[in-house]
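The values are calculated or read from the model by the stated rules, or taken from the named source; none is laboratory data. Only a predicted model underlies this, so the values are computations on that prediction, with no experimental measurement involved. With ideal geometry, Cβ positions are generated from the backbone for all residues, glycine too; neighbour counts draw on all protein chains shown. With ligands, DNA and RNA removed, areas are computed over all heavy atoms of the protein, side chains included. Shrake-Rupley method; radii C 1.70, N 1.55, O 1.52, S 1.80 Å.
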Amino acid sequence: MVAELIAVGTELLLGNIANTDAQILSEKLSALGITVLHHTVVGDNPERLAEALETARRRADIIITTGGLGPTYDDLTKQTICRTFGRELELHQDILEEIRTWFETKLGKRMPENNVQQAMLPVNCTVFDNPVGTAPGCAFQEGGVHVLMLPGPPFECRYMFDNRARQYLEKLTDGVIVSHEIKIFGMGESSVEEALREPMTRLTNPTLAPYAKLNECMVRATAKAETREAAEALLKPLVAQVLETLGDVVYGVDVESLEQVVSAALLERGLTLSAAESCTGGLIAKCMTDLPGASKVFRGGVVSYTNGVKSGILGVPEALLEEQGAVSEPVARAMAEGCRRVCGSDLAVSVTGVAGPESDDRGNEVGTVYIALASDQGTICRKLSCGKGRGRERVRSAAAQNAFDMLRRTLLGLPL
């Protein structure tokens, strides 16, 4: 089936906020085997929204709108959709009571009267209640087109799709669609596509599709069958083939991130980690502490952005800093060893480099990064080029991900 996403909100057009709902929903719809062919963004204007709806109903089987379900005068998504599709609105008393209770229990105050309009929903629709906010969603079919309305705030949108809309959409498909995400670091999308071109062009069910991510990529394997078990049986040999073809650049199947894999490997081995960071500015520590249960494996970190902190806290000799410069292998090694000692961890990783926008005073180009890893087996170090002209954030992100991949390979006994 073909879907179109329509995001409603003038703040999206002004660039005040990003349209993250479109990214969230496109990914989730793809996993269901539903093809998204168009993204549309319109302001809080009923005439322009009506035009977008008329266009979408001619070219899509499913229309999903986000935003415009609030209580204010410019929240007109439901009213405009109902006019376009010839539906009446009616008050759902049970939804109204849920909104009233939400205000009283969550906010400790009386529900404003304008929130009553949020309980006005199309006649004979499937209601999506919203336990994490005040805006319920809904779905109905008219003229062969399924229309789904979801709230705009990304957390509410994601929750409602996962817990309400997904079940509605699954009933529209014939059979079960199952996907597995194969995560890759160290090989670009074009190289992955080249390695897997033969099965990707030959297969129809199951299928393979590559996707580029920030500093990494992913291959999604998808199969459709009458049951989940049958779909898994189709996927098992295909996933095995991909793993054999790509080798150790695959860091996991159906995992969230490199740092998740590293954290799990540390926990399994009863080891702890610390980080000394210069150019990454604490990004490694942030990634680790974003994970639930990180305190079991992550001891702490030092953002040694200046030479004074490198020498004063990590114990990097001042003479070494003067002679070699902060962006050098000897300093990276000393940073890792000092961090391991200060934090009392089994392993310590260090990152020092040039994030830009200009080369440093020693002539190191933007993107030059040294990553060291200290353990009771000694200290290893790698010099990397994380991309000249990519911008500070891209260099920092690439450096942090390379550090996690270095940890993954060390913990799992893979070649660096």
Given R₀ = 25 Å, what would the calculated FRET efficiency be for residue 79 paired with residue 228, taking r from the Cβ atoms and rounding to 0.05? 0.05
Considering only DSSP beta bridges with both partners in the chain, what is the antiparallel share in %, to the nearest 5? 60
Could you do me a favour and compute the accessible area per residue for region 265-365, 1.4 Å probe, result in Å²? 46
Can you tell me what percent of all Cα-Cα pairs in region 19-112 are more than 18 Å apart? 59
Be a star and scan region 148-166 for residues whose amide nitrogen sits under 13 Å from the point 7 Å along the Cα-to-Cβ vector of residue 129. 164
Potential lengthening between residue 166 and residue 341 on full extension [0.36 nm per residue; Cα-Cα distance subtracted]: 58.0 nm
DSSP-loop GluC sites (Glu not before Pro) across region 320-415, with at most 10 other Cβ within 10 angstrom: 358
Under a straight-distance cross-link criterion of Cα-Cα below 21 Å, which lysines are reachable from residue 213, leaving out those fewer than 8 residues away in the same chain? 28, 183, 286, 388
Would you please name the trypsin sites (Lys or Arg not before Pro) within region 302-372 that are DSSP coil residues with at most 13 other C-beta atoms within 10 Å of their C-beta? 362
Loop chymotrypsin sites (Phe, Trp or Tyr not before Pro), region 239-320 (other Cβ atoms within 10 Å of the site Cβ: 13 or fewer; DSSP): none
Estimated inter-spin distance, residue 61 and residue 39, nm [label 7 Å along Cα→Cβ]: 2.3
Using all C-alpha to C-alpha distances in region 306-416, build P(r) with 10 Å bins and read off the rounded percent in each one. 16, 45, 34, 6
For the chain, calculated [θ]222 nm from helices alone, where every DSSP H run of n ≥ 4 adds -39500 (n - 2.57): -11500 deg cm²/dmol
If each of residue 220 and residue 17 carries a label point 7 Å out from its Cα toward its Cβ, how far apart are those two points in nm? 2.4
Modelling each spin label as a point 7 Å along the Cα-to-Cβ direction, I'd like the residue 105/residue 190 distance in nm, to one decimal. 5.6
Mind listing the lone cysteines of the chain, meaning no other Cys beta-carbon sits under 4.7 Å from theirs? 82, 157, 217, 279, 287, 339, 343, 381, 386
Extension gain, residue 254 back to residue 204 (0.36 nm per residue minus Cα-Cα distance, nm): 15.8 nm
